[in-house]
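Working notes for the structure below.
The values are calculated or read from the model by the stated rules, or taken from the named source; none is laboratory data. Just so it is clear, the model here is predicted, and its values are computed rather than measured. Note that each Cβ is placed from the backbone with ideal geometry, even for glycine, and that neighbours are counted across all protein chains shown. The area values use the complete protein model at the heavy-atom level, side chains included, leaving out ligands, DNA and RNA. Shrake-Rupley method; radii C 1.70, N 1.55, O 1.52, S 1.80 Å.
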Amino acid sequence: MRRFAGLGLLAFAIAFSYGSAAQVLPFERFGTVEGVPQSQVSCVTQDAEGYLWVGTWGGMARYNGSGFTAYYIEDGLPSNRIHEILPSRGGALYVATTNGLARMEGRRPVPVTDDAVANVRCRALAEDSAGRLWVGTDHGAAVRGGERFEMAAGQGTPGPRVYDLLALPEGMLAVTSRGLLVYGGSGPREEAGPPIPPELLRCAARTADGLWVGTQGRGLWKRSAETWAPVEATASMDVW
């Protein structure tokens, strides 16, 4: 299977058209006819063996270079609605769903029964520099520091809804319904976000240019030198 690691990025593409002339793009298209469980693809990731995992709003699938193997509730998933799939550095594959967290054991998904991540919407997954797995849920951030997942210390009960997680050198950044939080050794601290209602923040990434935040309805924002500014405001302010 390691021969598939050289595939690089597999793109799931929609055919784009510009005016009356269609542009031919160098992408292969995979849909439900080819074995993708549902047409709304929420995430794609590649594991250490080279398999590609596809999460959709109607199940999950594993691509081996020639075909898809699908997984559903009847195969062990807590829900068919998949938010994120994360291959951990230890080799385990975790699946965040709208009804809890699952872990692949062999070729079978098994729900994680810890109270912090069971029967709750799990939206985000990330691994920190210490190898701890973090889960963003509708009840706050959960972290596995030992054998079990526990709610992150100091966030309150319940914590804010977590939309995204991003591992940073200074801690785990959580994009939440109450704004940006950074979880460090002494609990979470508030991080200044873009000058918009905090409940509209949805996702984050960091590059050499700065910290980027995507929003619901307010476009894309970037922080550089501690200053937030919208990116291409005229084109993106009204898009999700």
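So the values come out like this:
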quantity: Accessible area per residue in Å² at 1.4 Å probe, computed on the chain; calculated: 53 Å²
quantity: Dipole magnitude of the range 114-179 about its Cα centre (Cβ charges: Lys, Arg +1; Asp, Glu -1), debye to nearest 20; calculated: 200 debye
quantity: Those trypsin sites (Lys or Arg not before Pro) in the range 87-152 that DSSP places in a loop and that have at most 11 other beta carbons within 10 Å; calculated: R89, R107
quantity: Estimated FRET transfer efficiency when R0 is 30 angstrom, pair A48-D114 (beta carbons, to 0.05); calculated: 0.80
quantity: Positive-end residue, the chain charge dipole about Cα centroid, Cβ charges, pick of G136, P230, A102; calculated: A102
quantity: Sequence-separation-based contact order of the range 125-210, relative, with Cα cut under 8 Å and 6+ spacing, percent; calculated: 21 percent
quantity: Among A153, A192, I85 the positive-end extreme of the charge dipole of the chain (Cβ point charges); calculated: I85
quantity: About the Cα centre, charge dipole magnitude for the chain (Lys/Arg +1, Asp/Glu -1 at Cβ), debye; calculated: 200 debye
quantity: Between the range 21-67 and the range 154-226, the alpha-carbon center distance in angstrom; calculated: 29 Å
quantity: Simple spin-label estimate for W57 and W228 in nanometres, 7 Å along Cα-Cβ; calculated: 2.8 nm
quantity: Rounded if a/c under 1.5, otherwise prolate or oblate - the chain, Cα gyration tensor axes; calculated: oblate
quantity: Additional length obtainable on full extension of the chain from R189 to R132, 0.36 nm per residue less Cα span; calculated: 18.6 nm
quantity: Coarse-grained scattering of the range 156-232 at q = 0.11 Å⁻¹, given as base-10 log I(q)/I(0) from a Debye sum over alpha-carbon atoms; calculated: -0.25
